[in-house]
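A.B. asks: Got a structure for you, written out below as structure tokens; questions coming shortly.
The values are calculated or read from the model by the stated rules, or taken from the named source; none is laboratory data. Computed from a predicted model, the values in this text were never measured in an experiment. Cβ atoms come from the backbone with ideal geometry, glycine included; neighbour counts cover every protein chain shown. Remember, those area values only see protein heavy atoms, side chains included, never the ligands or the DNA or RNA. Shrake-Rupley method; radii C 1.70, N 1.55, O 1.52, S 1.80 Å.
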Amino acid sequence: MSSFGESKAFKLAEESANSFVIHNTRQLSRTYPRGTRTDSSNYNPVDLWNAGCQIVALNFQTSDNSMDLNQGKFQQNGFSGYILKPRFMRDGQTRFNPTSITQGEWLTPKKLHVMIISGQQLPKENKNKNNSVVDPLVRIEISGVPRDVCSAETEHIEDNGFNPSWNKNFQFDICVPELALVRFVVEDHDTASRNDFVAQYTLPFMSLQNGYRHVPLLTKEGNPIASSSIFVHIMVVDQ
């Protein structure tokens, strides 16, 4: 096993991506946050997963976007802690380079259509105030190879966390679906400052199912919020 601090690991993933992927077909790589992260913050693990690193260590005591992605990534195996990498990342002769996508078995373009229809029983952001009602909006974030990274969001709905309705359509082009993650984020809109986090749900792109779906929502700590969800329509089309 090889251990890499975050700075070294990201340098390899950015400057020698294909060589790093090949290295990780025959040897385990462990990466860890740099020691100067005295606030226990986290790096984004996606680029290191894309390079084939098997053990991407995070500060689990910190609830943030990186931990959401980590929880979502490992949903597909029931949180058993192991996911088989795609075949093109297990081939010792692979030409896969996540920073420069070329033709290969990894390139299987999909078009993702998402309609954010409505929300159900979204929690209050400030539970200490009896009259606290969220002004919710939903943002969809796509993580994966750099070419696939993007986001889009709905408009906010004033004072309605019980049954807000958006009926907003979005389209995303995904070129390497086996490495993509989809994150649904609900925020409380604030005109005077940064929006407040309300809830989220992250899952692998390959776990999406077509049709009308209720997306269950999780707290910042990754715990289920009873009866809270967003209602969506999903359609994945080959390109």
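Per-residue answers, yes or no, for (1) surrounded by 16 or more Cβ atoms within 10 Å (Cβ to Cβ); (2) part of a loop (DSSP other than H, G, I, E, B):
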{"site": "141", "(1), (2)": "yes, no"}
{"site": "161", "(1), (2)": "yes, yes"}
{"site": "178", "(1), (2)": "yes, no"}
{"site": "191", "(1), (2)": "no, yes"}
{"site": "202", "(1), (2)": "yes, no"}
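A.B. asks: Taking the residues in segment 51-79 that are touching a residue at least 40 places away in the same chain (Cβ under 8 Å) and open to solvent by less than 20 Å² (accessible area, probe 1.4 Å) as candidates, determine which candidate is nearest to residue 206 (Cα to Cα).
C.D. replies: Top of the filtered list is 72.
A.B. asks: Same structure, new question: Give segment 204-230 a look and list any residue that's part of a loop (DSSP other than H, G, I, E, B), open to solvent by 60 Å² or more (accessible area, probe 1.4 Å) and in contact (Cβ under 8 Å) with a residue 24 or more places away in the chain, or say none.
C.D. replies: Across segment 204-230, the qualifying residues are 209, 210, 220, 221.
A.B. asks: Residue 83 passes all but one of (1) open to solvent by less than 40 Å² (accessible area, probe 1.4 Å); (2) among the aliphatic types (A, V, I, L, M); (3) touching a helix residue (DSSP H, G or I) at 6+ places or on another chain (Cβ under 6 Å); which number fails?
C.D. replies: Result: residue 83 fails condition (1) only.
A.B. asks: Scan segment 143-159 residue by residue and report those that are under 19 Å from residue 97 (Cβ atoms) and surrounded by 19 or more Cβ atoms within 10 Å (Cβ to Cβ).
C.D. replies: Once the filter is applied, which keeps residues that are under 19 Å from residue 97 (Cβ atoms) and surrounded by 19 or more Cβ atoms within 10 Å (Cβ to Cβ), segment 143-159 yields 143, 144, 145, 148.
A.B. asks: So which of 48, 112 ends up being assigned to a helix (DSSP H, G or I) and either buried (at least 19 other Cβ atoms within 10 Å of the Cβ) or of a type in the set (D, E, K, R) (or both)?
C.D. replies: The match here is 48.
A.B. asks: Tell me yes or no: at least one residue of segment 27-48 is out of contact with any Lys or Arg (no Cβ under 6 Å at 6 or more places or on another chain) and at positive phi.
C.D. replies: Scanning segment 27-48, I find at least one residue that is out of contact with any Lys or Arg (no Cβ under 6 Å at 6 or more places or on another chain) and at positive phi, so the answer is yes.
A.B. asks: Looking only at segment 163-176, count every residue that is surrounded by fewer than 16 Cβ atoms within 10 Å (Cβ to Cβ) and farther than 12 Å from residue 115 by Cα and tell me the total.
C.D. replies: Total meeting the criteria: 2.
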